[in-house]
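> What follows is a single structure, and I will ask about it in a moment.
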Amino acid sequence: MRASARSLGAWILTITLFVAAALAFLLGVGFPYLVGDDAFRESLGAALGSELRYANLEIRYLPPTIILESPTLGGVDGFAHADRAILEVSVLPMLARVVLVDSAVVE
């Protein structure tokens, strides 16, 4: 019994490490491509129904976060402006190439 319990424990540990490695790879390699500068700007602008402009896009990996400096909605003149917007992104939807925002802070 002890031998089979150890092999089951080793098997669970192996699967857990594999999933953790896959998520780390996804965050490290896939996340920047999912929220690339031009693609992100266009898709978020389309989702909001207005043109999105910002001065700088920063991506942080843990937790996956997108930081927009000086975002403006509505083109050059804009109808909404902020100094900074911080968007925390959910990890699992990225497996389906979907960026889902868990929380947003607008300053």
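> Starting with the highest mean, order 64-71, 88-95 by the number of other Cβ atoms within 10 Å, averaged over the residues of each peptide.
64-71, 88-95
> Can you pull out the chymotrypsin sites (Phe, Trp or Tyr not before Pro) in segment 53-85 whose DSSP state is coil and whose Cβ has at most 14 other Cβ atoms within 10 Å?
Details: sites: Y54, Y61, F79; in loops: Y54, Y61, F79.
In loop regions of segment 53-85 (DSSP not H, G, I, E or B), the sparsely surrounded chymotrypsin sites (Phe, Trp or Tyr not before Pro) are Y61, F79.
> Local charge sum around H81 (other residues, Cβ-Cβ under 15 Å, Lys/Arg +1, Asp/Glu -1)?
Numbers: positive: R53, R84; negative: E51, E69, D77, D83, E107.
Spelling it out: positives minus negatives among the neighbours equals -3.
> Express the carbon and sulfur contribution to the solvent-accessible surface of segment 55-107 as a percent, rounded to the nearest whole number, probe 1.4 angstrom. Could the numbers behind the result be given before it?
Numbers: 1850 of 3320 Å².
About 56 percent, which is the carbon plus sulfur part of the accessible surface.
> In addition: Can you work out the FRET efficiency for the pair I15 and S103, with r the C-beta to C-beta distance and R0 = 30 Å, to the nearest 0.05? Mind dumping the intermediate values first?
On the way: r = 30 Å, r/R0 = 0.99.
My answer for the efficiency is 0.50.
The values are calculated or read from the model by the stated rules, or taken from the named source; none is laboratory data. These numbers come from a predicted model, not from an experiment. Positions of Cβ are generated from backbone atoms using ideal geometry, with glycine treated the same way; all protein chains shown enter the neighbour counts. To get the accessible areas, we keep the full protein, side chains included, count just its heavy atoms, and leave off ligands, DNA and RNA. Shrake-Rupley method; radii C 1.70, N 1.55, O 1.52, S 1.80 Å.
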